[in-house]
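**Q** Below is the structure I would like to discuss, written out as structure tokens.
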Amino acid sequence: DELTLVEQDPGVLNHDDDLLNADSDQSTGTRLLLEEPKSLAHSIHLAIKNTTFSFQNVDTSIIENLGGRLQSSGCVFANNTAESIIRSEDSTVAMTATQFINNDIRGTEGVVVLDRKSTMEQNDGTCLEALTPQQQASSIENNALDSFVVRQANVSSSEAVGCKGIMSNGVCNSFEACGADGQVAEDRPSEEVVVVDGCFTDWDDLVYAVRDRLDDELDFVICPNAKLIATTPVVIEDSDYITIKCGTDEELSKNCEISGGFSHFHITGSSSGVQLARLKMIGSTGSSVMALGSAGSTLNLLDCEWSTNRGATAILVHHDKTLSNATGTLDVMSTLGSNGTAMSVDVTRCLFEKNELTFGAIANVGGTLSVEKTMFSNNAGNGGDIVVTSKGTCTLRDSCFDSSSSVKPGVIFIENGSAMTDDTNNFGVGITAGGYNGGACTGIFQEAEVADCFGSASCPGNCTEFLATACTLDLSLVANITIKDTPSTVAKGEAVVPARVHGISERPGSSNIVPIVVATVITAFAVFGLVGIVFKRHKSKKPSTTNIEDVDEPPGRCACCKRKKKDHGMLEAINPDEELFDDDV
């Protein structure tokens, strides 16, 4: 009667379109127990979709989530008797379109209970339908309490009301009431949600759609502003020209967020022309994108963002597709000695920000990597932001590295036998990398032929620092700015300069340009130049034989400003104490 995952390896368990039912008079019904040791919290993921739990009678909770990750989508909990329906300890929970109908809750907390170490990742479209007054009276007559009225122990005359929803760390968030169709009675469309026909808002729907696609189905659009909770990864295998993007080409958007999960996308087999565009991927615990295709396969990552991932890598390029079965902890180090040519991956106009990884933001193990116009900011990893091993190659153009840190030398680490084939116009600032033998490398580190940096403490090699003195990504912003675009910050007479230059490191989220007013300086130069010209012309005046006293002064000239000249036309000697007039100036 009890499903326990304690003895299993960390992984994913799916319940889809199931019915877990028990007689109402059964003393102990079916319970789902999702449990792992505290050190492996969130390593087991239970995904329940379109599943019904009815007429369960248990002492504690229908589902106990102890250190795991639970996702409920389209599920129904009806006519159950329990202390609570879902209890989570040191775990995460995500619920979409889940219904709680006519349940007898005997605990004092709520329908769903989360302790202070647990997190509610998502709660969309969840609703509750309580017992009717007739059902409540019948339940009380049978010594059972109604759904949400809790009788205090040994005090029959006193009643307390529990939370009609989610009790999280002592705070109650009530569910909406279910309507006649079982959905939330009052739909509350958010103004932030943009509805696009034919787009996805549910991660599992996207996974199934890509898996079961027809041959002529190539484009898969995620709705703008959608927040998808990742379960199993989207797998693209032996398929060409598949595109997964946020918004349509007519309605561009970069607000699609994919969070959680061990991995988000797997590209395997012979798959060419695959593209992921305008996606934000956060919170993966293994590798967000695993490019495991064979030689000749290609993947294009365009305008994407990876933030706050906590696994081994954000992107892994490798030839071994069996890595797609990895769960728990992804050990990239153990795969570095493998031989084989991996696929090609292009990364263009992307952002890697605040990722804390055990290996590096991009790990290229035997593949062909191209990175262009991409920002790496505040990442931490053992190898660096980019690690190239196993005879892999890397080209890097117009990219910037800001405040990243690594144990190995170089924000880019190139293993012996691998190569950096192009390094053009790249910039770095605030980087902390290496420190072997008293030195460090904050640019590109090429491991020496006899070195084994990942296997020993010594790490000899050559360091090539970046040559650019400013981040070209900021400069491109300057080039694209017009008066019309930013009327409040950029006006005539102002200039803009990049925020990231040597000695200056702007934090992410701050402005990329700093307006500098230069009109005053230009005016000062103009005034001094004019004064110089006037003075020079005055000095070069020819001598005059005319006695200035005999000449009438032009109108508007003050008589007190006259200067007497001698008959030979030279100026009289000026007494140091004498007042200077216009001509002297």
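**Q** What is the residue count in the range 325-357 for residues that are in a helix (DSSP H, G or I) and either crowded, with 17+ Cβ neighbours inside 10 Å or within 14 Å of the chain's Cα centre (by Cα) (or both)?
**A** 1
**Q** I've got another one for you. Taking the criterion of being surrounded by fewer than 19 Cβ atoms within 10 Å (Cβ to Cβ), in contact (Cβ under 8 Å) with a residue 60 or more places away in the chain and either within 26 Å of GLY283 (Cα to Cα) or not aliphatic (A, V, I, L, M) (or both), would at least one residue in the range 385-399 satisfy it?
**A** No: zero hits.
**Q** Name the residue that is surrounded by the fewest Cβ atoms within 10 Å (Cβ to Cβ), counting only residues in the range 255-276 that are assigned to a loop (DSSP other than H, G, I, E, B) and touching a Pro at 6+ places or on another chain (Cβ under 9 Å).
**A** Among them, the one singled out is ASN255.
**Q** Looking at (1) surrounded by fewer than 24 Cβ atoms within 10 Å (Cβ to Cβ); (2) more than 21 Å from MET333 (Cα to Cα), which one does LEU279 not meet, given that it meets all the others?
**A** (1)
**Q** Could I ask something else about it? Only strands (runs of 3 or more DSSP E) wholly contained in the range 39-95 count here; list those with 3 or more residues that are more than 21 Å from GLY125 (Cα to Cα).
**A** Fully inside the range 39-95 and qualifying: 61-66.
**Q** When you scan the range 358-370, do you find a residue that is open to solvent by 10 Å² or more (accessible area, probe 1.4 Å) and not hydroxyl-bearing (Ser, Thr, Tyr), even just one?
**A** Among the residues of the range 358-370, not one is open to solvent by 10 Å² or more (accessible area, probe 1.4 Å) and not hydroxyl-bearing (Ser, Thr, Tyr), which makes the answer no.
**Q** Return yes when SER239 is hydroxyl-bearing (Ser, Thr, Tyr) and at pLDDT below 90 and no when it is not.
**A** no
**Q** A follow-up question, please. Among the residues in the range 274-281, are any at pLDDT 95 or above and touching a His at 6+ places or on another chain (Cβ under 6 Å)?
**A** yes
**Q** Of everything in the range 154-173, what is loosely packed, with under 13 Cβ neighbours inside 10 Å and either modelled with pLDDT of 75 or more or under 30 Å from the mean Cα position of the chain (by Cα) (or both)? Give them in sequence order.
**A** Across the range 154-173, the qualifying residues are ASN169, GLY170, VAL171.
The values are calculated or read from the model by the stated rules, or taken from the named source; none is laboratory data. Because the structure is a prediction, the values reported are computed rather than measured. Here Cβ is always computed from backbone atoms with ideal geometry, including for glycine, and neighbour counts include all displayed protein chains. These accessible areas exclude ligands, DNA and RNA; they are computed on the full protein's heavy atoms, side chains included. Shrake-Rupley method; radii C 1.70, N 1.55, O 1.52, S 1.80 Å.
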